[in-house]
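What follows is a short report on a single structure.
The values are calculated or read from the model by the stated rules, or taken from the named source; none is laboratory data. As the structure is a computational prediction, the values presented were derived from the model and not from experiment. Ideal geometry is used to build each Cβ from the backbone, glycine not excepted, and the neighbour counts take in all protein chains shown. Only protein heavy atoms, including side chains, enter the accessible area calculation; ligands, DNA and RNA are left aside. Shrake-Rupley method; radii C 1.70, N 1.55, O 1.52, S 1.80 Å.
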Amino acid sequence: MPDRTSEQREPAPHGSKRRVWPAVLSAVLTAAVSLPLGGLAPYLGSPAAAASRDDGAQPAPDGRIPMAELREALLDVPAWPDDNVRGPSGPLQFHDGVVPIEPKTVPEGQPPYGDQVLILSVTYGDIDHDGADETIVELACMIEGGSKQLVAYDRDGAGHIVSLGRITATTGPIRDLRDGSARVGAAGVVSVLVGDYQRCCDDRTPQIWQTRGYARRDGRFQQVDGPARMPVNPHVTDLRITTGDLALGPAAGGFRTGTLDVTVTHRSGAHPSRVTLTFYPPEGLVRTGDAWPRVTGRPDSFTVTVAAPRPGGSARYSFAFRRPAALTGGELPVSVAASPQMSGSVPWNSDTTAMIRTVPKLTE
């Protein structure tokens, strides 16, 4: 039968047999009506027919990885947040759902290093719209509390487990993920409960929870649903304390004296009206001078309460000490707490240690 392009290009002479085409088409359609539904597939272009004419592409791998397999798997773990408990990343071999971590000392004022990475929960759903499920794993790097992150995993064509990337993590104003709360919706959006504060042990600080949704866009996960900001929790603040060294000067009358500068910064969260500083002095180190605010003594420490820095700002406080000249070196730990009491959203920000050093004797 001539193709219709040539028919349009070269009109047939009058009386040509090409003019019977409408009658032939009518006969074909009449016959088709009498066929069962399956017999219509070549005419209707059904999914089954499309599959039969497949261009050779392989079906999507089954990315539904059972928990039992995950607990003994080699998983590619994304990097942990810089502002939360940290630990190893990259390919990690799990056993019984845990990767032990060797202890590691970090500089003061930095997030601590966890002692284990573990699998907390798992859920499944088609997040990349390939017609097959992927696996959403909640991972944690913990000490008592710690970092959490949701990570998507799939299988490659050879059946190996591969990472599709981190969906969300406990960083910035998000300090917790509700264990087992992740779900995958019909549109491939991963929803999860995120919290502003992570409880530990017997802590009963009220938390704020939000449901946020994340979807894969251009190879990365982005928030596409839910609140974009976390409201201020009146029970939670973030105060940071830093100090310089406590430099004790030349001996005079059998003692050395010096001044310690303490800086407190309100970083985020509720703003307290006052802050309480707690000092843990070593042997022989005592307060001196008359500029001290009212002091409350304890067996191994003492506290003072002073005006808080402005919201989002810093304030510096100076305190004078003295110690017998024969004693040298040592440390003076100091901590800060809100007054009235609030919980610290970033606990390692609330402690610091001042090194005690001796100024060389002045030359006469």
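Observations, loosely collected:
- Leading residue by the ranking (most open to solvent (accessible area, probe 1.4 Å)) among those in region 346-364 that are under 15 Å from Ala251 (Cβ atoms) and outside any loop (DSSP other than H, G, I, E, B): Arg357
- The residue that is farthest from Asp96 (Cα to Cα), counting only those in region 43-76 that are among the small types (Gly, Ala, Ser) and at pLDDT 60 or above, is Ala57.
- For region 77-143, the strands (runs of 3 or more DSSP E) that sit wholly inside it and include 1 or more residues that are touching a Phe, Trp or Tyr at 6+ places or on another chain (Cβ under 9 Å), modelled with pLDDT of 95 or more and closer than 30 Å to Ala186 by Cβ are 116-125, 134-142.
- Taking the listed residues Ser147, Ser163, the one that is part of a strand (DSSP E or B), closer than 24 Å to Val224 by Cβ, open to solvent by 10 Å² or more (accessible area, probe 1.4 Å) and of a type in the set (Ser, Thr, Tyr) is Ser163, with no other qualifying.
- Residue that is most open to solvent (accessible area, probe 1.4 Å), among those in region 282-295 that are in contact (Cβ under 8 Å) with a residue 12 or more places away in the chain and out of contact with any Leu (no Cβ under 9 Å at 6 or more places or on another chain): Arg287
- Checking the stated criteria, Phe279 turns out to be in contact with a strand residue (DSSP E or B) (Cβ under 9 Å, 6 or more places away or on another chain) and in contact (Cβ under 8 Å) with a residue 40 or more places away in the chain.
- Here is the figure for region 85-133: residues that are in contact (Cβ under 8 Å) with a residue 60 or more places away in the chain, open to solvent by less than 20 Å² (accessible area, probe 1.4 Å) and touching a helix residue (DSSP H, G or I) at 6+ places or on another chain (Cβ under 8 Å) total 1.
- Restricting Ser339, Ser301, Ser268, Ser343 to residues that are over 17 Å from Val236 (Cβ atoms) and surrounded by 13 or more Cβ atoms within 10 Å (Cβ to Cβ) narrows the list to Ser301.
- Count of region 319-336 residues, restricted to those that are farther than 30 Å from Thr170 by Cα and either open to solvent by less than 40 Å² (accessible area, probe 1.4 Å) or in a loop (DSSP other than H, G, I, E, B) (or both), is 11.
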